[in-house]
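Following: one structure in structure tokens, then a few remarks.
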Amino acid sequence: MKTNNERLADILEGLDHTSHIRLERIPDIDLYMDQVLSFMEENLKQTRRMPEDKVLTKTMINNYAKNALIPPPVKKKYSREHMILLIFIYYYKNLLSINDIGQLFEPITAHYFKAENGRNLCDIYNEVFSLEDEQMKRLREDIRTMFDFSRTTFTDAPEEEQEYLQLFTFISELAFDVYRKKQIIERMIDQLRSETQAGTANGKKSRTEK
């Protein structure tokens, strides 16, 4: 059985091999469904928990289009912009509901999908992921800090129990951190939803008054 120090080393080493899909790797040609699935599987397979897990399926993509997370394909083909949205969805889906992702995406797809002038989805993708290096640096620091704090707990426990209890503390701290951040994200999306609904209601009211 591994020690907690060895587990930490594995985690940090895993972070070294984790990176987003570079924009230049995303095909700049329209793809059929099977080509989309193959691309996503090949480029995100290292993020799967189990080897048999699917990164993406036809049912998922159809569901995303049905719920307006992505615009419908043109002649059964998906553009580079579709691929970008699918990559964002892949990262969001384990934290947020379909409705929340849809709310977050609404202005993005409305203003930047296939934008011919000014900023487009490719620009947004590059800008967002330009923060990755700094984010990974902070993540490594946070993980080390939480691990160090976990090592200060249960110091009076018998040696055969201490290692596991400290591991439990470390995992709990990581989980609580994710839980808090998830709550913050949901709160911001709820605010966006309220603001959108208020704007829609005011627009209807203005048209009625005319």
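The values are calculated or read from the model by the stated rules, or taken from the named source; none is laboratory data. Note that the coordinates shown come from a computational prediction; the quantities given were computed from them, not determined experimentally. Using ideal geometry, Cβ is built from the backbone for each residue, glycine included, and neighbour counts are taken over all protein chains shown. Side chains are part of the model used for accessible areas, which takes the heavy atoms of the whole protein and leaves out ligands, DNA and RNA. Shrake-Rupley method; radii C 1.70, N 1.55, O 1.52, S 1.80 Å.
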Legend entry - Two-site FRET efficiency, N94 against S172, from Cβ-Cβ distance with R₀ of 25 Å, rounded to 0.05: 0.85
Inset, instruction - Using a 1.4 angstrom probe on heavy atoms only, work out the carbon and sulfur share of the accessible area of the chain in %. - result: 52 percent
Inset, instruction - Just need the relative contact order of the chain here, percent rounded to a whole number, with Cα pairs under 8 Å and 6+ apart. - result: 20 percent
Legend entry - Entries in K137/K181; K75/K114; K45/K93; K77/K182; K2/K54 that, when Cα-Cα distance is taken, lie over 22 Å: K77/K182; K2/K54
Legend entry - the range 79-190: relative contact order in percent, alpha carbon pairs under 8 Å with at least 6 residues between: 25 percent
Legend entry - Label point 7 Å beyond Cα of I124 along Cβ direction - residues of the range 92-118 with amide nitrogen under 12 Å: 102-115
Legend entry - Rg over Rh, two decimals, the range 1-98 (C-alpha only, Kirkwood Rh): 1.05
Inset, instruction - Would you calculate a helix-derived [θ] at 222 nm for the chain, using -39,500 (n - 2.57) for each DSSP H run of n ≥ 4 and dividing by the full residue count, to the nearest 500? - result: -22500 deg cm²/dmol
Legend entry - Gyration tensor over alpha-carbon atoms, the chain, equivalent ellipsoid semi-axes in Å: 39, 24, 15
Inset, instruction - Set Lys and Arg Cβ to +1 and Asp and Glu Cβ to -1, take the dipole of the chain about its Cα centre, and tell me which of S79, V128, F176 lies farthest positive. - result: S79
Inset, instruction - For the range 60-112, list log₁₀ I(q)/I(0) at each q in 0.24, 0.26 Å⁻¹, using the Debye formula over Cα point scatterers of equal strength and ignoring solvent, two decimals each. - result: -0.94, -1.11
Legend entry - Rg to Rh quotient for the range 99-152, alpha carbon positions, Kirkwood Rh: 1.26
Inset, instruction - Please compute the Cα-Cα pair-distance distribution of the range 144-197 with 10 Å bins starting at 0, giving whole percents from short to long. - result: 24, 31, 19, 15, 9, 2
Inset, instruction - Would you grab the residues whose amide H sits under 5 Å from the one on Y78? Only those 5+ places off in sequence or on another chain, please, with H modelled 1.01 Å from N. - result: L31, Y32
Legend entry - Per residue, in Å², the accessible surface of the chain once ligands and nucleic acids are set aside, probe 1.4 Å: 68 Å²
Inset, instruction - Go ahead and set up a Gaussian network model of the chain, Cα springs under 10 Å, then flag whichever of F113, F105, F168 fluctuates most. - result: F168
Inset, instruction - Please say if the range 109-204 is rounded, prolate or oblate, where rounded means a/c under 1.5 for a ≥ b ≥ c the square roots of the C-alpha gyration tensor eigenvalues, and otherwise the choice is prolate for a/b larger than b/c and oblate otherwise? - result: oblate
Legend entry - Segment E13-N63, extension gain: residue separation times 0.36 nm, minus the distance between their alpha carbons: 14.5 nm
Legend entry - K181-K114 FRET efficiency (beta carbon distance; Förster radius 30 Å; 0.05 resolution): 0.40
Inset, instruction - Mind checking the full-extension length gain between E134 and M33? Use 0.36 nm per residue of separation minus the Cα-Cα distance, one decimal, nm. - result: 32.9 nm
